[in-house]
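Just below is one structure, and these are the notes that go with it.
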Amino acid sequence: MAEVTFDKVRKAFGSAVAVRELDLAIRSGEFVSLLGPSGCGKTTTLRMLAGLETPTSGAISIDGTVVNELAPAKRDIAMVFQSYALYPHMSVAQNIAYPLKKRGVSRADRDVRVAAVAATLQLGALLDRKPRQLSGGQQQRVALGRALVRDPRVFLLDEPLSNLDAKLRAHMRAELIELHRRIGKTMVYVTHDQLEAMTMSDRIAVMHDGVLQQFGTPKEVYETPANLFVASFIGSPGMNLVKGELRAAGSGLAFVRGDLSLPVANGGTAGAAVTLGVRPEDITLGAGPFACTIRVVEPTGHETIVMAEAAGETLVARAAPDSQLVPGQVVPFAVRAQRLHAFDADGRRLPLVFAQSNGA
Amino acid sequence: MRNRSLTSRILLNVLAWSIVFVIAFPLVWMILTSVKPQFELFRIPPTILPQEVTFEHYHRVLVETPFLKYFRNSVILAVGTTVLVIVIATLGAHSLVRFSYPGRERLAQLVLFTYLLPSVVLIIPLYLLMVWLGIANTLFSLMLAYTTFALPFALWLLRSFMQGIPQDLEAAALVDGASRMEAFVDVILPQAVPGIISTALFTFILAWNEYLYALVLVNTDEARPLTTGVMNMLITAFNIEWSLLMAASVMMSLPVIIVFALLQKHLTRGFGAGGVKG
Ligand SMILES: Nc1ncnc2c1ncn2[C@@H]1O[C@H](COP(=O)(O)OP(=O)(O)O)[C@@H](O)[C@H]1O
Ligand SMILES: [Mg+2]
């Protein structure tokens, strides 16, 4: 069990900064995902924790001890690489046994533990094969096995599922969740797939351009995104973002965009530029104070994704699978006021509270 | 398609075989001459196949001349140079590929700089250096000299080879508990074997066939390799012992052919495909 702390950690490669002033406190036994688009510094963060890169500044500690200068071998960490990095000249059994061998575990003990891990990961029949004779999913399990065979303080996983096909990926996702539940180790999981992060993590660290955007539970990052980046990165289809401004309306304020007007119950100053965020599931088609024109209808089976136009904006909404919408149709719609999001001109979350509106 | 392929196949074969003939003829002639009796050599018209096969020349070269001593020298020289070059070049190439330090690229380029100088230019300074070091006229001095000009190429060959080894492999070994040297030996070296073999082959052949440096740097039979030794004993101002020369030449060529035959399947063998996903 181990806590992991990043304290103002920065990593620059020459003039390019990969990670900026990262502060992150991971609790013992927690499953944390580093989530962000490609190139945002996830792998670099993981490699610094593993000891494969030295931070330019800042401190990384495991269980309260700064490990900046500690060699990878001494950190008691296991890592699954994005490329799997299986040793091509060793058999599956030798690959899995290698970390034990390097730690002086006797041959007999090694065999016992390799057999146990192979059984868990259903690799028993493949132990004598070379990595190149395995499928992607099998290689992935060997890479996992090489990490699991030890009892390290922290597990690091760098996009371990990204090269698998959709079905196997869903299966392995479930396996990993189950695995974490069983062994209860601290795990840091890198992914660019928000669905993976949402389904597996205790907490998610959303990164963008080397900067940590938000660190919170899947519910927190989904329901109260800290900024526009998190709001638009999390969720599929993504959040609808409508640019407008706050204007005085009656006794209070209202968010206004074209002929669209939403009363604000609390917060905000008149004249401020505001971006309104609405999740597709928070738009109800069929009844309400606003009107939109249906443009595209995409039934997916368990729901229907609808693209509609209102106030010159394209809005994406979720509708029931049996909804009888057709393109060109003009339908009324409502938004759920208590689930709206507002961001200021710099993209930061605004503490605005909207009132349920009755008319446009 | 079929028609075209038939004519072009015939043409290609004719071309290929004529090239093979041009290249192989001197070798075949060498072997044939080495087993012809002395009196048959200068007969006009010449015989292609020997009318009488004799191994007398081989016997004379082996028994009556210092051939075996030269042979031993050549083996020590070629093997020693190869080992020295491989050890330095694998470690050096690894450093050029994996470690980042200022001037790394510049260093890699500078290494090739020695090839810009004609080798004759370097002989005299090198000889004086050997005298100064007190190792002139020894096999060791030749070994060092050969190393200096085999090393740059070996470094580049191995460097480009090692660039193809995924960086994650070494990183994985480090995380798995290996020290840097252990990661190098356990993971990098096995991946580099085909590259090491090609480099070794190149160095061995270079050291085995080298003539100029051996001629200038060494003038005692104790340290003379085959190239200069055979020339020295069989070619004098008055006479060339053709049949002995041919017998010696055949025996000189054998080790290279044997080494090549043993190693050539490793030369083409791919490495580690599939160990790391694309
Ligand atoms: N060894 C390196 N040298 C130079 N730049 C690097 C190196 N490693 C990563 N980078 C840069 O740092 C940034 C973050 O990379 P990385 O951590 O691999 O992103 P991610 O894993 O999120 O896709 C990228 O812009 C990448 O080009
Ligand atoms: Mg990455």
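Using Cα atoms only, what is the angle between the long axis of helix B:119-133 and the major principal axis of chain B, expressed in degrees (0 to 90) to the nearest 10?
For B:119-133 against chain B, the angle is about 80 degrees.
Quote the charge dipole size of the stretch A:240-354 about the Cα centre in Debye, to the nearest 20; the model charges only the Cβ of Lys and Arg (+1) and of Asp and Glu (-1).
Dipole size: approximately 260 debye.
Could you give the distance between the Cα centres of the stretch A:213-263 and the stretch B:231-254, to the whole Å?
93 Å
Please give the charge dipole size of the stretch A:4-233, origin at the Cα centre, charges +1 on K and R Cβ atoms and -1 on D and E Cβ atoms. Round to the nearest 20 debye.
840 debye
Pick from B:93, B:172, B:207: which residue has the top mean-square fluctuation in a GNM of chain B where Cα pairs under 10 Å get a spring?
B:172
Return the long-range amide H neighbours of residue A:352 (sequence gap of 5 or more, or a different chain), with a cut-off of under 5 Å between placed amide H atoms.
Under 5 Å from the amide H of residue A:352 lie the amide H atoms of A:342, each far enough along the sequence or on another chain.
Taking the Cβ of residue A:31 as the center, what net charge do the other residues with Cβ under 13 Å away carry, scoring Lys and Arg +1 and Asp and Glu -1?
Net charge in that neighbourhood comes out at +2.
Projected onto the charge dipole of the protein assembly as shown (+1 at Lys/Arg Cβ, -1 at Asp/Glu Cβ, origin at the Cα centre), which of A:171, B:223, A:50 gives the Cα projection farthest towards the positive end?
B:223
Name the long-range amide H neighbours of residue A:208: under 5 Å, sequence gap of 5 or more, or other chain; modelled H, no Pro or chain starts.
Amide H neighbours of residue A:208: A:213.
Reachable aspartates and glutamates from residue A:243, Cα under 17 Å, same-chain residues fewer than 8 places away excluded?
A:259, A:309, A:313, A:344, A:346
What fraction of the DSSP beta bridges in chain A is antiparallel, stated in percent and rounded to the nearest 5?
About 80 percent, rounded to the nearest 5.
Between helix A:136-148 and chain A, what is the angle of the helix's C-alpha long axis to the longest principal axis, kept within 0 to 90° and rounded to the nearest 10?
For A:136-148 against chain A, the angle is about 70 degrees.
Between rounded, prolate and oblate, where does the stretch B:1-121 land on the alpha carbon gyration tensor, with a ≥ b ≥ c its root eigenvalues, rounded for a/c under 1.5, else prolate if a/b exceeds b/c?
Since a/c reaches 1.5 but b/c is at least a/b, the shape of the stretch B:1-121 is classed as oblate.
Just to confirm a number: summing +1 for Lys and Arg and -1 for Asp and Glu over residues other than residue B:183 whose beta-carbon lies under 9 angstrom from that of residue B:183, what do you get?
-3
Please find, in a Gaussian network model of chain A (springs between Cα atoms separated by less than 10 Å), the residue of A:91, A:251, A:135 whose mean-square fluctuation is greatest.
A:251
Shape verdict for chain B, please, from the Cα gyration tensor: rounded (a/c under 1.5), prolate (a/b greater than b/c) or oblate.
In terms of gyration-tensor shape, oblate.
Sketch the reach of a paramagnetic label on residue A:272 as a point 7 Å from Cα along Cα-to-Cβ, and name the residues of the stretch A:206-248 whose backbone nitrogen lies under 14 Å away.
A:244-248
Which shape class, rounded, prolate or oblate, goes with the stretch B:13-84 when its Cα gyration tensor gives a ≥ b ≥ c as root eigenvalues, a/c under 1.5 marks rounded, and past that a/b bigger than b/c marks prolate?
Taking the square roots of the gyration eigenvalues as a ≥ b ≥ c, the stretch B:13-84 is oblate.
For the charge dipole of the stretch A:4-233, defined by +1 on Lys and Arg C-beta atoms and -1 on Asp and Glu C-beta atoms about the Cα centroid, which residue among A:33, A:126, A:230 has the Cα displaced farthest towards the positive pole?
With unit charges placed on the Cβ atoms, the residue in question is A:126.
Averaged over peptide B:163-172, how many Cβ atoms belonging to another chain are found within 10 Å of each residue's Cβ?
6
Going by Cα centres, the stretch B:112-152 and the stretch B:41-108 are how many Å apart?
17 Å
Put B:23, A:62 in order of accessible area, largest first, 1.4 Å probe: what do you get?
Ranked from most to least accessible, the order is B:23, A:62.
With a cut-off of 8 Å between alpha carbons and a minimum separation of six or more residues, what is the relative contact order of chain B in percent?
With pairs under 8 Å counted, the relative contact order is 30 percent.
Can you tell me which aspartates and glutamates have their Cα less than 17 Å from the Cα of residue A:11? Leave out same-chain residues fewer than eight positions away.
Cα-Cα hits under 17 Å: A:21, A:23, A:53, A:69, A:209.
Suppose we flag trypsin sites (Lys or Arg not before Pro) only when DSSP calls them loop and at most 15 other Cβ atoms lie within 10 Å. Which is the longest uninterrupted stretch of chain B?
B:44-268
Compute the angle between helix A:107-120 and the longest alpha-carbon principal axis of chain A, please, reported from 0 to 90 degrees and rounded to the nearest 10.
On a 0 to 90 degree scale, this one is about 30.
Roughly how crowded by other chains is peptide A:74-83, in terms of the mean Cβ count from those chains within 10 Å of each of its Cβ atoms?
Rounded to a whole number, the mean comes out at 4.
Could you let me know the centre-to-centre spacing of the stretch A:177-193 and the stretch A:27-68, using Cα atoms, in angstrom?
15 Å
How big is the charge dipole of the protein assembly as shown about its Cα centre, in debye rounded to the nearest 20, if each Lys and Arg gets +1 on its Cβ and each Asp and Glu gets -1 on its Cβ?
Roughly 700 debye, rounded to the nearest 20.
Could you tally the net charge around residue A:300, taking each other residue with its Cβ under 15 Å from the Cβ of residue A:300, Lys/Arg +1 and Asp/Glu -1?
Once positives and negatives cancel, what remains is -3.
Step through the table entries A:8/A:185; A:101/A:130; A:8/A:102, compare each Cα-Cα distance with 21 Å, and write down the pairs that go over it.
A:8/A:185; A:8/A:102
Whole-Hz ³J(HN,Hα) for each residue in the stretch B:49-56, computed from phi via Karplus 6.51 cos²θ - 1.76 cosθ + 1.60 with θ = phi - 60°, x for glycine and proline: what do you get?
Those phi angles translate into 8, x, 7, 9, 8, 9, 10, 4 Hz.
Across peptide A:85-98, what mean number of C-beta atoms from other chains lies inside 10 Å of a residue's C-beta?
Mean number of neighbouring Cβ atoms from other chains: 5.
A plus B alone minus the pair: what accessible area, both sides summed, probe 1.4 Å, in Å² to 100?
The summed interface area works out to 2100 Å².
Counting only protein chains, not ligands or nucleic acids, how are B:156, B:17, B:208, B:242 ordered by accessible area (probe 1.4 Å), most first?
The residues order as B:17, B:242, B:156, B:208, largest area first.
The values are calculated or read from the model by the stated rules, or taken from the named source; none is laboratory data. Keep in mind that this is a model prediction, so the values were computed, not measured. Using ideal geometry, Cβ is built from the backbone for each residue, glycine included, and neighbour counts are taken over all protein chains shown. Surface accessibility is based on the protein's heavy atoms, side chains included, excluding ligands, DNA and RNA. Shrake-Rupley method; radii C 1.70, N 1.55, O 1.52, S 1.80 Å.
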